[in-house]
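The values are calculated or read from the model by the stated rules, or taken from the named source; none is laboratory data. As the structure is a computational prediction, the values presented were derived from the model and not from experiment. The area values use the complete protein model at the heavy-atom level, side chains included, leaving out ligands, DNA and RNA. Shrake-Rupley method; radii C 1.70, N 1.55, O 1.52, S 1.80 Å.
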Amino acid sequence: MKRAILLIAGLGVFLALTFSNTSLSLAQEKDPAAARKLAEERARVTLGVKEWNIEAKSTDSASKAKPWSDMLNLADGKLSSKYMTEKGFTSSNITVTVNEGVIVWETMQRSSKGEIAFWRGELAGPTMNGVVSIKPEKGETEEFSFVSIVPPPPKPEAPAKAVEPTKTKVTEPAKKDKK
């Protein structure tokens, strides 16, 4: 009986998902704006599922600016950057668009010192790349390009050696002689 109930419940969930996906597809064909909005929402989720390790370097070969590493978090439609937070920048809302399968995000951050940082990133496949322009309150704007660092796959662990059970000698209890 329980098996039949589970089977019927599973079939109901399958049918509900099938028909909701079908109706969603039909709605997208009728409304391109809804399709674009759905693609952008899915892109926001994709961007926010992990933190992005990046390496940034100056686009000006004559610049004395040092390359820097950072950890970007794009969850909940906001950019937060560990490196930029240390420099006094606050998190900011991102704008997301999808163009031919490429996810593009942009934002502007402000620092407590009056600096402005403009970010633009593109995610195509597993790699994100982009640019960040940092405009100090006074002076020249610095341009950096960045690329995400995809961590190498984990090394397979060596198979554990089988542990031989220890052999213990089983002794029988001494028998008492009955006399």
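A few points about this structure:
- Solvent exposure of segment 24-126, expressed per residue, is 62 Å² of accessible area, with all protein chains present and a 1.4 angstrom probe.
- Applying 0.36 nm per residue to the separation of Val49 and Val102 and subtracting their alpha-carbon distance, the gain on full extension is 17.4 nm.
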